[in-house]
Ligand SMILES: *[C@@H]1O[C@H](CO)[C@@H](O)[C@H](O)[C@H]1NC(C)=O
């Protein structure tokens, strides 16, 4: 079989040469699960922004676009720096040695959240990091190989923006030393959002947050949420604020994601969010994966939990953890397949036997489920498509 593959790659190379080495860029594949049908920029011609300023214009305007990142777009310094009073929260028991201080956003340092014994300190941060770029509707944002990097600023899909694809880029370095330093991807009042093969690392606050507004149909697939950090709110090299799903009317599919070196909120669920977490791989989490608050409804199936201290911290919503082959048969009527067992290695138990909410899956686009596998570590993230 080697010869034909070689011949094929030669043919592709020859083709690229004939086009003057100008590759053809396009979104790869289609979204599975709740956000199936998302088309992003559709048939708009793909183009590479020449600068950070042009990238921002293209992301925010109301034109359908396919935006290609073939290099790093560095927003650090583009909005200056801010120095003001923040705090060293009680959680930072290792100041100067791997802990995370806080910006006083929404009076977080003053309202008790910083904990007893928190002290005021001066904080200096990159201003661009704390607010995401507000995206317009009908956009595809894609990277070339593993070269598409957004450094120092995140993305915000809100206020009715819809039909957005973000694929194969790396979002990194949003003031990771500070709680509230920035969120990588925020969704707050949207519909049809597909985030695929994105890597997120070194973020101050949330790696992905579906906030209070209705975010309707969202699929997070094949992403790498890398919590490794030198500024950990739990003082152990792991990021606590990973994924936060508390929208008021949200359908969230999480499939094929690799969520590693976190220590909490991976994800926190609440609001009125229906979450289908299927075939994800949680690895090396010293705290909790799921924290299911009131209103959160979660089916977790076919996932791997490896070295995860607490797969489910609390369940004051409804949670089905696919506990046994016989219990999992119930999924067939609502999800179209029997739920797959989760797999556990050196981890706590998941639990979760609620089934009353499964009827909410009926009639929706549901992602398929395979047997739990840790090979997701080599398929998730940027540069893997
Ligand atoms: C997005 O595309 C849809 C379908 O083509 C169109 O109806 C809608 O007006 C577009 N939205 C914007 C903001 O351009």
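The values are calculated or read from the model by the stated rules, or taken from the named source; none is laboratory data. None of these values were measured; they are calculated from a predicted model. With ideal geometry, Cβ positions are generated from the backbone for all residues, glycine too; neighbour counts draw on all protein chains shown.
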(request) Please name all residue pairs, on different chains or six or more residues apart, with Cβ atoms under 9 Å, provided the first residue is in the stretch 127-145 and is assigned to a loop (DSSP other than H, G, I, E, B) and the second residue is at pLDDT below 95 and more than 13 Å from the ligand (Cβ to nearest atom). (result) 144/23
(request) Output yes when any residue across the stretch 113-125 is closer than 24 Å to residue 247 by Cβ, away from the ligand (no atom under 16 Å from the Cβ), assigned to a loop (DSSP other than H, G, I, E, B) and out of contact with any strand residue (DSSP E or B) (no Cβ under 8 Å at 6 or more places or on another chain), and no when none is. (result) yes
(message) So in the stretch 37-71, with the set limited to residues that are touching a helix residue (DSSP H, G or I) at 6+ places or on another chain (Cβ under 7 Å) and away from the ligand (no atom under 13 Å from the Cβ), which one is nearest to residue 167 (Cα to Cα)?
(response) 67
(message) Looking at the stretch 128-136, can you tell me whether even one residue there is surrounded by 24 or more Cβ atoms within 10 Å (Cβ to Cβ), within 27 Å of residue 197 (Cα to Cα) and either modelled with pLDDT under 95 or over 19 Å from the mean Cα position of the chain (by Cα) (or both)?
(response) yes
(message) For the stretch 336-371, give me the residue count where each residue is in a loop (DSSP other than H, G, I, E, B) and either over 25 Å from residue 294 (Cα atoms) or more than 22 Å from the chain's Cα centre (by Cα) (or both).
(response) 22
(message) Return the residues of the stretch 72-92 that are surrounded by 13 or more Cβ atoms within 10 Å (Cβ to Cβ) and not in a strand (DSSP E or B); say none if nothing qualifies.
(response) 75, 76, 78, 79, 89, 90, 91, 92
(request) Residues being more than 16 Å from the ligand (Cβ to nearest atom), under 22 Å from residue 26 (Cα atoms) and in contact with a strand residue (DSSP E or B) (Cβ under 6 Å, 6 or more places away or on another chain): count how many of those fall in the stretch 134-153. (result) 5
(request) Test residue 236 against the stated conditions and say whether it is surrounded by fewer than 24 Cβ atoms within 10 Å (Cβ to Cβ), touching a strand residue (DSSP E or B) at 6+ places or on another chain (Cβ under 9 Å) and modelled with pLDDT of 95 or more. (result) yes
(message) Please verify whether residue 94 is away from the ligand (no atom under 16 Å from the Cβ), closer than 21 Å to residue 206 by Cβ and at pLDDT 95 or above, treating the condition exactly as stated.
(response) no
